[in-house]
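Quick notes on the structure that follows.
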Amino acid sequence: MFTSGTTGRPRGVRLSHRALLANREQAGELRPAPVNAVDRVLLALPLFHVYGLAAGLLQVCWTGATVVLPGRFSPDRLAEAVVQERVSVVAGVPSMFRMLLDLGPERLRAAMAGVRLCTSGGAPLPASWLTDFRAASGLDLHEGYGLTEGGPVVTSNDLGRPAKPGSVGRPLPGVELRLVDPRGSRCRSATRSRHRAARTRSTTSTTTTTPTPPTTPA
């Protein structure tokens, strides 16, 4: 799968079946689980991206849930799909949830009445967008962090508690995470680190990304 997240230019990342399945198992061990067999999950995400394909579609398949693909995104189309398809989980990126606010609080709250969970990833979620979405819809946006090399999910907010603004949560079961400097030495201060090293049950990856807030642990 191709990614430009760590280099600025697209490069291929080889992910084994074992790596992808291990990450689905790790995400499925979260309690409460992000997806249950009875869920109808709307993925307003491109399936050529690891978030849409692995954390989205494959997680739905792993659980035996139902996937809803709304096609080209627009706030009106997504709101209609949520109601017509009786969606219970919505997975998207921060800019999508921000655009949904343009529907207005009354219409947004009505459309989301049957939704139990919204998850946000792919980019940092501004704290003000979380606050505004919560006020308009009555729902939290639960943010996580991942990278293609990780299969992709590395951390997640606690889905059983109110979302914490500015936090990507804690490592998934079976994930070891540390902050390091450019030489690979452990950093004592998260604010001084521009690198993360992550190890999962089936993959080991070291990334050299420049984090953009929010990146604070829970």
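The values are calculated or read from the model by the stated rules, or taken from the named source; none is laboratory data. These numbers come from a predicted model, not from an experiment. For neighbour counting, all protein chains shown are included, and Cβ atoms are generated from backbone atoms with ideal geometry for every residue, glycine included. The accessibility values were calculated without ligands, DNA or RNA, using every heavy atom of the protein model including side chains. Shrake-Rupley method; radii C 1.70, N 1.55, O 1.52, S 1.80 Å.
Does the stretch 47-178 come out rounded, prolate or oblate by the C-alpha gyration tensor, with a ≥ b ≥ c the root eigenvalues, rounded set by a/c under 1.5 and, if not, prolate when a/b is larger than b/c and oblate if not?
Values: a/c = 1.84, a/b = 1.31, b/c = 1.40.
The shape class here is oblate.
In nm, to one decimal, how far is the modelled label at PHE48 from the one at ARG18, with both set 7 Å along Cα→Cβ?
About 3.0 nm separates the two model spin labels.
Quick query: amide H of VAL154 versus all other amide H atoms, modeled in the peptide plane; which residues come in under 5 Å with a sequence gap of 5 or more or a different chain?
Amide H neighbours of VAL154, under 5 Å, 5+ apart: TYR145, GLY146, LEU147.
So, taking all protein chains as they sit and a 1.4 Å probe, how much accessible area belongs to THR148, in Å² rounded to tens?
10 Å²
Given 0.36 nm per residue, what is the gain on full extension from GLU80 to ARG9 after removing their alpha carbon distance, in nm?
Residue separation times 0.36 nm, minus the Cα-Cα distance, leaves 21.9 nm.
At 1.4 Å probe radius, can you tell me the per residue accessible area of the stretch 26-70 in Å²?
Working: 1980 Å² over 45 residues.
So the stretch 26-70 comes to 44 Å² accessible per residue, rounded to a whole number.
Enter the accessible area of LEU47 (Å², nearest 10), with the probe set to 1.4 Å and all protein chains included.
The accessible area comes out at roughly 70 Å².
Provide the solvent-accessible area of LEU147, counting protein heavy atoms only and rolling a 1.4 Å probe, rounded to the nearest 10 Å².
20 Å²
Could you pull out every residue, at least 5 positions away or on a different chain, whose amide H is within less than 5 Å of the one on VAL67? Hs are placed 1.01 Å off N in the peptide plane, and Pro or chain starts have none.
VAL41
Accessible area of the stretch 1-127 with a 1.4 Å probe: how many percent of it is carbon plus sulfur? List each step's numbers first, then the result.
On the way: 3690 of 6610 Å².
Answer for the stretch 1-127: carbon and sulfur cover 56 percent of the accessible area.
Between ARG116 and ASN36, what length comes free when the chain is fully extended (0.36 nm per residue of separation minus the Cα-Cα distance, one decimal in nm)?
Full-extension gain reported as 27.7 nm.
Subtract the Cα-Cα distance of ALA123 and ARG186 from 0.36 nm times their separation in residues, and report this length gain in nm to one decimal.
Extra length from ALA123 to ARG186 when fully extended: 20.2 nm.
Work out the P(r) tail for the stretch 43-115: percent of alpha carbon pairs separated by more than 16 Å, whole number. Before the final figure, lay out the partial values.
Numbers: 1249 of 2628 pairs.
Looking at the stretch 43-115, the distances longer than 16 Å represent 48 percent of pairs.
Got a sec? Which residues in the stretch 160-182 would a label at ALA135 touch, if it sits 7 Å along Cα→Cβ and we count backbone N under 18 Å?
What the label zone holds, given the 18 Å backbone N cut-off, is 163-166.
Under a 1.4 Å probe, what is the accessible area of the stretch 81-127 per residue, stated in Å²?
Numbers: 2130 Å² over 47 residues.
On a per-residue basis, the stretch 81-127 sits at 45 Å².
Treating the beta-carbon of each Lys and Arg as +1 and of each Asp and Glu as -1, no other charges, what is the dipole magnitude of the stretch 118-182 about its Cα centre, to the nearest 20 debye?
Its charge dipole is roughly 180 debye.
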